[in-house]
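Since the structure comes first, as structure tokens, the remarks are kept for the end.
The values are calculated or read from the model by the stated rules, or taken from the named source; none is laboratory data. Note that this is a predicted model, so its numbers are computed, not measured. Cβ coordinates were reconstructed from backbone atoms using ideal geometry, including for glycine residues, and neighbour counts include every protein chain displayed. Side chains included, ligands, DNA and RNA excluded: accessible areas come from the protein's heavy atoms. Shrake-Rupley method; radii C 1.70, N 1.55, O 1.52, S 1.80 Å.
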Amino acid sequence: MTDTRSTRLACVQLDIDGGNVEANLTRALEAVDEAAANGADLIALPELFDVGYFAFESYQRAAVSLASDRLDRFAERARRHGVAVLAGTVIEDLGASAADGIDVPTESGLANAAVLFDSSGTRRLVYRKHHLFGYGSAESERLEPGERVDVAEIGPFTVGVTTCYDLRFPELYRQLLDAGADLVLVPSAWPYPRVEHWKTLPRSRAIENLSYVAAINGSGTFESGDQLVGRTTVYDPWGTPVAACDDAPETVMADLDPDRVAAVREEFPALGDRRIE
């Protein structure tokens, strides 16, 4: 991928089969290949695309080091196609990652980790979900929260990553803004019935920070009865949806212009009026 003044983003709304890691991986890799063939520069997968968010009993079995073969397959696809790939999120075995020389918040336990590879297949960013969901979900009981908020230069964009429930905490997005982010990718596993929240929160984060926000959700129903709302959407710096889909599996494509961010921020310089840092 060259540093041109536009980026074609592909958000893969994957149909996720809870607990069926190999089948989900095959589906995800095929979707990456297809998106690359359709001209994508940056491809993003949803939260826990390999094991499925609601397959809590499968978390331990599915956990891997971020230097594992599972993630290497996406690094290889990035190199092969010359595209950047956000490998959604996976369940990270923090002890295994530490043994492989990866910086971790704690040397034991599990985390919900997103990995961003650039077009050479180099790991450029790791984001571990900061805010772990409770309210009857087992995530907060089984996983360790992340601590770092990093960004990476991908083509003409400074890219940040957050995950699903993080959308409810706008201060995190201010940290990304202050780090220079003008595109935030949000891999998610957002379920029914909270459709209006899903439509409102990422749009609000785009409006507040005058940046692109891409909310990448999954598709499908789990044995628990939980169903993902889909509705993957890319918002521009005004909060206008520029590409979206319903709750069926689909890859959403959007052409993003980094000059649009600068133009909106110049036209409506609200960020210069901040009084709380």
Quiz item: Which one of these is within 16 Å of the chain's Cα centre (by Cα) and open to solvent by 10 Å² or more (accessible area, probe 1.4 Å): D118, D93, D103?
Solution: D118
Quiz item: Hey, among the residues in the stretch 1-12 that are out of contact with any helix residue (DSSP H, G or I) (no Cβ under 8 Å at 6 or more places or on another chain) and closer than 16 Å to V252 by Cα, which one's surrounded by the fewest Cβ atoms within 10 Å (Cβ to Cβ)?
Solution: R8
Quiz item: Would the stretch 175-196 turn up any residue that is in contact with a strand residue (DSSP E or B) (Cβ under 9 Å, 6 or more places away or on another chain) and more than 28 Å from T158 (Cβ to Cβ)?
Solution: yes
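If I filter the stretch 244-264 down to residues being among the acidic types (D, E) and part of a strand (DSSP E or B), which single residue comes out as farthest from the chain's Cα centre (by Cα)?
The qualifying residue farthest from the chain's Cα centre (by Cα) is D255.
Within the stretch 121-158, restricting attention to residues that are of a type in the set (F, W, Y) and surrounded by fewer than 20 Cβ atoms within 10 Å (Cβ to Cβ), which residue is farthest from A67 (Cα to Cα)?
Taking the candidates together, the pick is Y135.
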Quiz prompt | Where a residue in the stretch 44-70 is over 14 Å from L143 (Cα atoms) and modelled with pLDDT of 95 or more and its partner, wherever it lies, is of a type in the set (F, W, Y) and not in a loop (DSSP other than H, G, I, E, B), with Cβ under 7 Å and at least six apart | solution = V51/Y59
Quiz item: Do any residues in the stretch 204-230 that are within 16 Å of W190 (Cβ to Cβ) have Cβ atoms under 7 Å from those of residues that are of a type in the set (G, A, S) and in a strand (DSSP E or B), where the two are at least six apart or on different chains, and which pairs are they?
Solution: A214/A44; I216/A44; L228/S219; G230/S219
Practice problem: For D15, state whether it is under 21 Å from A244 (Cβ atoms), surrounded by fewer than 24 Cβ atoms within 10 Å (Cβ to Cβ) and modelled with pLDDT of 95 or more. | Solution: yes
